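Structure, as structure tokens:
The values are calculated or read from the model by the stated rules, or taken from the named source; none is laboratory data. Note that this is a predicted model, so its numbers are computed, not measured. So basically every Cβ, Gly included, is an ideal-geometry build from the backbone, and we count neighbours across all protein chains shown. Side chains are part of the model used for accessible areas, which takes the heavy atoms of the whole protein and leaves out ligands, DNA and RNA. Shrake-Rupley method; radii C 1.70, N 1.55, O 1.52, S 1.80 Å.
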Amino acid sequence: MRKQIAAANWKMNLNLQQAIELTNQLVNSDIHLNEEHQVLLAVPFPYLLTVKEMTDNVLGMSVCAQNMASTKNGAFTGEVSGEMLRGMNIEFVIIGHSERREYFHENNDILASKVKLALEYGIKPVFCCGEPLDIRESNEQNSFVEIQLKESLFHLTDNQMKNFIIAYEPIWAIGTGKTATSDQAQEMHAHIRAVIANKYGKEIAETVSILYGGSVKATNAKDIFSKPDVDGGLVGGASLVADEFINIIKSLQ
Ligand code: PGA
């Protein structure tokens, strides 16, 4: 069975003290994760090791980087490489978040290189896709997301696609308080799975965890996660509040 995943995306928030306090609250909460569950904490680079040490003994909880460089190493001031993350035993990395696409001009080709490099270093990508509002309004979201998947993922081998993690995040729902309905999420997730099945076969497509992201909160998580092709969520704002995120984790199927 594919994993059900609650991933926190802290983005560029929290000072070190606040990060430690939030992690403490999560580690000491009454959540019981089983083998089908995975909690990811995508924290800013400077906090990776601290939060990793704090969560290392919690079954099913792992830290995740929010980004990595598209090149191996060299004169790229300010960048963090896959090799560096690997050296710190970081096992997960978000790739292609819409904020990276929009503000840092990361296109499908760049993201294809990042995905390839991450996997070469044994780091599991959480690959983000999703359409902007005008594309949704013209009802072209399916082909838009399909192109994102094809251009950034279809160089992967069957083995690399097995148990892969994709996050569908409609850009119009991120940080806006406007959530896709659970039916809209299900429709797109089924489409994403069909696109993967077309290329890699149904069996592999069934192993891919597809998370929904965009204004997930404790109050809507259960409804969204109840859909058959929704395997959890990538959570921004609500992941900064311990009680909210704990309830979201408890909403996993
Ligand atoms: P949000 O962010 O939950 O604050 O909408 C989600 C994300 O950007 O991953």
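Points to keep in mind about this one:
- Label positions at MET1 and GLU120, each projected 7 Å from the Cα along the C-beta direction, are separated by 3.7 nm.
- Cα gyration tensor shape for segment 189-253, rounded if a/c is under 1.5, else prolate or oblate: prolate
- Fully extending the segment from ASN73 to ASP243, taken as 0.36 nm per residue of separation minus the present Cα-Cα distance, adds 57.3 nm.
- With each label modelled as a point 7 angstrom along the Cα→C-beta vector, the PHE45-ASN108 pair spans 2.8 nm.
- Only helices enter this figure: runs of n ≥ 4 DSSP H residues, each worth -39500 (n - 2.57), summed and divided by the residues of the chain, yield -12000 deg cm²/dmol at 222 nm to the nearest 500.
- Legend: distances between Cα atoms for LYS150/LYS250; LYS124/LYS202; LYS52/LYS202; pairs beyond 23 Å are LYS150/LYS250; LYS52/LYS202.
- Axial C-alpha extent at least 20 Å, average Kyte-Doolittle at least -1.0 - helices from the chain (DSSP): 182-200
- Using R0 = 25 Å, the C-beta based FRET efficiency linking GLN253 and ASN159 works out to 0.45.
- Cross-link partners of LYS114 among aspartates and glutamates, defined as those whose alpha carbon lies under 15 angstrom from its own and excluding same-chain residues fewer than eight positions apart: GLU79, GLU83, GLU91, GLU106, GLU151.
- Projecting label points 7 angstrom from Cα along Cα→Cβ for GLN25 and GLU151 puts them 4.0 nm apart.
- Heavy-atom accessible surface of segment 102-253, averaged per residue, reaches 42 Å², computed with a 1.4 Å probe.
- Ordering of 72-81, 169-178, 104-113 by packing [mean C-beta count within 10 Å, highest first]: 169-178, 104-113, 72-81
- Between segment 1-63 and segment 200-229, the Cα center-to-center distance that results, in Å: 19
- Whole-percent carbon and sulfur share, accessible surface of the chain, 1.4 Å: 50
- Net lengthening on full extension, MET12/SER143 (0.36 nm per residue, minus Cα-Cα): 44.1 nm
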